[in-house]
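Visitor: Please find one structure pasted underneath; my questions will follow.
The values are calculated or read from the model by the stated rules, or taken from the named source; none is laboratory data. In this text, all values refer to a predicted model and were calculated from it rather than measured experimentally. For neighbour counting, all protein chains shown are included, and Cβ atoms are generated from backbone atoms with ideal geometry for every residue, glycine included. The protein model used for the area step is the full one, side chains on, heavy atoms only, and it has no ligands, DNA or RNA in it. Shrake-Rupley method; radii C 1.70, N 1.55, O 1.52, S 1.80 Å.
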Amino acid sequence: MRLVRRSGSAVWQLVWLGGEPDPRVLQLGFTLLLVVEACLRVLGGVPLSEGRQVPAAIAAATLLAAAVWWVPSPRRRAAITVIAILDIAILGLALLSSEDGGLGLLVVLPALWLGRRYGERGAVLAVGASLALVTVPGLVVHGGEGAAATYLAMMPLIAGVSAVAISAGLDVARSAQARAERGECELARALETIRAQQHTSQAIFDAAGVGLMLLDRDGHLVAMNERYGDFVSLSLPEGRGLTWPGDTFAADGVTLLRADDVPSARAARGEQFDDFRMWSGADPRTRRAVSVSARHAEGEDGGFIGAALAGTDITDLMQALAVKDQFVALVSHELRTPLTSIVGYVSILLEDEDLPAHVIKQLAVVARNTERLQRLVADLLQEQQPGGAMPVERTRTDLGAIVRECVQTAGTAAERAGVELSLRSPSALWVDADAHRFAQVVDNLVSNAIKYSLRGGRVDVELRARATEVELVVADDGIGISEVDREELFTRFFRAQDAHDRAIQGIGLGLSITKSIVESHGGRIEVDSEIGRGSEFRVVLPVQIARLAS
Ligand code: ADP
């Protein structure tokens with residue numbers, strides 16, 4: 001097997017297709033082929049020529065092979081040119097014999113070596129050497145006629161074609177190799193860039209101040225940075241063998257989330273959401289509040305291919321909100337008792353008919369403002385109710401009378417603000433509702449409409465009864481509310497930027513209370529508004545609870 005492999009590589013070297021050939025192998029191969037040709041001739045019954053040119057050529061080739069052996073290795077490469085020309089001369093010598101045989105074909109080998117070494121110049125060299133060393137001496141000896149002459153004339157041609165063929169083939173091979181090397185270089189550069197980008201992305205992923213988690217299309221975890229890992233390990237402490245939801249709680253910090261409701265499960269179903277608040281961990285000393293947002297990624301066909309979640313630590317914010325709630329509750333409770341006492345004593349004082357008129361007037365102002373304070377405290381306390389549920393006491397109530405009374409009371413404020421106030425309402429509209437709460441709704445909406453109107457503006461209040469519902473509309477042509485602010489309008493303590501900028505008084509509780517009251521009645525509140533053009537608030541109560549009086 002090894003012998004076959006070695007012979008194969010020797011033949012390969014002989015035609016010089018691999019890398020750098022060994023001139024010793026070239027010359028040995030050439031000599032062997034000469035010998036083989038002579039042996040075949042003898043075996044075929046063709047006698048070697050009388051002039052002994054072929055044995056002499058074999059002897060010369062053998063001597064050359066031996067001589068090459070002694071050439072020091074650094075010079076061997078250069079020796080190939082000399083060997084090639086000498087071998088053509090040896091062929092010339094052999095072809096001086098009268099028997100031509102197949103010897104002439106061996107000119108291909110030195111021609112290949114020259115072509116391989118010098119390209120087109122090698123082809124010229126091969127043609128010149130064959131012409132000078134084979135064709136001309138042959139023709140001189142054998143004469144210019146007959147088959148031998150044609151055969152000799154063909155020698156330079158065969159040598160030239162062989163040299164050109166190998167040189168052209170080499171050019172093609174070289175440019176293909178150059179292309180391949182360029183391609184390899186580009187590929188290596190691209191790989192390096194990708195690797196660098198991967199490292200950068202990983203560094204950004206890990207250094208991000210928010211927790212990040214990536215899921216694949218099946219909802220399996222693809223990657224998670226350290227920060228998100230911290231939240232997860234608080235929910236699923238190691239060694240407890242917990243599975244989702246583990247110790248994951250809703251925003252109230254008490255209600256345990258269901259496995260289906262944890263953000264990763266929702267994102268895996270393709271849901272997208274923002275600011276989903278939850279608590280990770282059960283230990284009050286170490287638990288963290290997290291706000292999670294999720295977005296899904298879509299493939300080219302628009303299908304779901306994965307999701308990304310971002311979790312921000314909002315523990316400080318949640319604690320601050322809790323402290324604020326506690327503070328507000330405390331202050332409201334503490335204010336309630338002295339306020340009740342003030343209201344009581346002022347009303348006793350007002351019953352004293354001997355008081356001078358100006359004192360009665362001043363006491364009335366005290367009474368009005370104390371009542372305002374009492375309402376404010378009541379609102380604040382109402383907001384502290386868990387879940388914001390508003391207890392309603394339904395009685396048979398005339399909404400028409402309530403709206404009329406509220407608008408009448410607001411008349412003074414409207415006049416002071418230079419706002420025209422109008423009302424359209426049925427004279428009576430009897431329904432089952434909480435009269436006190438409904439009055440609160442009308443008061444809040446009408447006082448807001450006046451407060452946020454400009455001098456010379458107008459506020460229209462309308463109460464309508466429809467087949468299936470009752471609708472209260474309060475419209476103004478005041479400052480209006482931007483789209484961004486409209487989204488937060490019913491959030492506790494929210495005040496639009498415009499209200500702040502214009503220093504209009506308020507604490508941002510009225511609308512959130514109004515919404516709670518309306519929803520406790522099974523109704524809904526809607527708003528249309530445009531900055532600078534005004535606002536329209538619509539309260540719709542379903543007829544199931546707002547039964548119309550006949
Ligand atoms: P407050 O009026 O005490 O600030 P509300 O809860 O009643 O609180 O209203 C919340 C915010 O909504 C207000 O601060 C104001 O910016 C905006 N707003 C409410 N009603 C109107 C209105 N009719 N026109 C313009 N802005 C309004």
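Visitor: Loop only by DSSP, 13 or fewer other Cβ within 10 Å of the Cβ. Give me the trypsin sites (Lys or Arg not before Pro) in segment 257-343 that pass, ordered by residue number. Intermediate results must be reported in sequence, preceding the final value.
Guide: Details: sites: Arg258, Arg266, Arg269, Arg277, Arg285, Arg287, Arg288, Arg295, Lys324, Arg336; in loops: Arg258, Arg269, Arg285, Arg287.
Hits after loop and neighbour filter: Arg258, Arg269, Arg285.
Visitor: Roughly what angle does helix 146-207 make with the longest principal axis of the chain, taking Cα atoms, 0 to 90 degrees, to the nearest 10?
Guide: Rounded to the nearest ten degrees, it is 20.
Visitor: Per residue, how much space in cubic angstrom lies within the convex hull of the C-alpha atoms of segment 125-201?
Guide: 66
Visitor: What is the percent carbon and sulfur in the accessible area of the chain, measuring with a 1.4 Å probe over the protein chains and ignoring ligands?
Guide: Details: 18140 of 31150 Å².
It is 58 percent, rounded to a whole number.
Visitor: Largest first, please: the extent of the C-alpha atoms of the chain along each principal axis, to the nearest Å.
Guide: 168, 56, 45 Å, listed from the longest principal axis down.
Visitor: So who's got an amide H within less than 5 Å of the one on Arg458, skipping anything under 5 residues away but keeping other chains? H placed 1.01 Å off N, in plane.
Guide: Distant-sequence amide H within range of Arg458: Glu420, Asp477.
Visitor: Another question, if that's okay. Name the shape class, rounded, prolate or oblate, that the alpha-carbon gyration tensor gives for segment 387-448, where a ≥ b ≥ c are the square roots of its eigenvalues, rounded holds for a/c under 1.5, and otherwise prolate holds if a/b is larger than b/c and oblate otherwise. Write down the numbers at each step before the final one.
Guide: Details: a/c = 3.37, a/b = 1.50, b/c = 2.25.
The shape class here is oblate.
Visitor: Which of the GluC sites (Glu not before Pro) found in segment 266-358 are in a DSSP loop and have at most 11 neighbouring Cβ atoms, other than their own, within 10 Å?
Guide: Working: sites: Glu271, Glu298, Glu300, Glu334, Glu351, Glu353; in loops: Glu271, Glu300, Glu353.
Qualifying residues, ordered by number: Glu300, Glu353.
Visitor: Along the Cα→Cβ direction, 7 angstrom out, place labels at Phe327 and Leu221. What is the inter-label distance in nm?
Guide: Going by the 7 Å Cα→Cβ label model, 3.9 nm.
Visitor: Separate question: What number comes out for accessible area per residue over segment 191-284 if the probe is 1.4 Å? Units Å², please. Write out the running numbers ahead of the final one.
Guide: Values: 5700 Å² over 94 residues.
Per-residue value: 61 Å².
Visitor: With no solvent and one equal point scatterer placed on each C-alpha of segment 319-383, evaluate the Debye formula and give log10 I(q)/I(0) for q = 0.14, 0.17, 0.22 Å⁻¹, two decimals.
Guide: Relative scattering, expressed as log10 I(q)/I(0), comes to -0.50, -0.64, -0.86.
Visitor: What full-extension length gain, to one decimal in nm, is calculated for Leu349 and Arg455 as 0.36 nm per residue of separation minus the Cα-Cα distance? It would help to have the intermediate numbers written out before the result.
Guide: Values: separation 106, 0.36 × 106 = 38.16 nm, distance 3.71 nm.
Contour length minus the Cα-Cα distance gives 34.4 nm.
Visitor: Now for a separate question. Calculated FRET efficiency, Arg295 and Thr491, Cβ-Cβ r, R0 25 Å, to nearest 0.05?
Guide: Numbers: r = 24 Å, r/R0 = 0.94.
That gives a FRET efficiency of 0.60.
Visitor: Follow-up. Hey, got the dipole for the chain? About the Cα centre, +1 on K and R Cβ, -1 on D and E Cβ, debye to the nearest 20?
Guide: On the way: 54 positive and 67 negative charges, 523 e Å.
Roughly 2500 debye for the chain.
Visitor: If a/c stays under 1.5 just call it rounded; otherwise compare a/b with b/c (prolate if a/b is bigger, oblate if not). Do that for segment 23-172, with a ≥ b ≥ c from the square roots of the Cα gyration tensor eigenvalues.
Guide: On the way: a/c = 1.98, a/b = 1.26, b/c = 1.57.
Note, shape of segment 23-172 comes out oblate.
Visitor: Out of the trypsin sites (Lys or Arg not before Pro) in segment 462-509, which ones are loop residues according to DSSP with at most 13 other C-beta atoms within 10 Å?
Guide: On the way: sites: Arg464, Arg466, Arg486, Arg492, Arg495, Arg502; in loops: Arg466, Arg492, Arg495, Arg502.
Qualifying residues, ordered by number: Arg466, Arg502.
Visitor: What is the helix-to-structure angle for 399-417, meaning the angle in degrees between its Cα long axis and the longest Cα principal axis of the chain, kept from 0 to 90 and rounded to the nearest 10?
Guide: The two axes meet at around 80 degrees.
Visitor: Another question, then. Taking R0 as 41 Å, what's the FRET efficiency between Leu105 and Glu181 from their Cβ-Cβ distance, rounded to 0.05? Walk me through the numbers before you get to the answer.
Guide: Details: r = 36 Å, r/R0 = 0.88.
The computed FRET efficiency comes out at 0.70.
Visitor: For Lys324, go through the aspartates and glutamates and keep the ones whose alpha-carbon is under 13 Å away, minus same-chain ones fewer than eight residues off.
Guide: Candidates past the 8-residue exclusion: Asp316, Glu383.
Visitor: Please report, for the Cα atoms of segment 395-549, the Rg to one decimal and the Dmax as a whole number; what are they, in angstrom?
Guide: Every Cα atom of segment 395-549 included, Rg and Dmax give 14.9, 45 Å.
Visitor: Which value in nm describes the separation of the simple spin-label points at Thr340 and Asp316, placed 7 Å from the Cα toward the beta carbon?
Guide: In this crude spin-label approximation the distance works out to 4.1 nm.
Visitor: Give me the angle, in degrees from 0 to 90, between the Cα long axis of helix 2-14 and the longest principal axis of the Cα atoms of the chain, rounded to the nearest 10.
Guide: 80
Visitor: From Cα coordinates alone, what are the radius of gyration and Dmax values for segment 94-137 in angstrom?
Guide: Computed over the Cα atoms of segment 94-137, radius of gyration and Dmax are 11.3, 34 Å.
Visitor: Counting only helical runs of four or more DSSP H residues, what would the 222 nm mean residue ellipticity of the chain come to if each run contributes -39,500 (n - 2.57) and the total is spread over all its residues? Write out the running numbers ahead of the final one.
Guide: Values: 17 runs with 303 residues, N = 550.
Result for the chain, helices only: -18500 deg cm²/dmol.
Visitor: Let me ask something additional. If the cut-off is a Cα-Cα distance under 18 Å, which aspartates and glutamates reach Lys361, setting aside same-chain residues fewer than 8 apart in sequence?
Guide: Straight-distance partners of Lys361: Glu351, Asp352, Glu353, Glu371.
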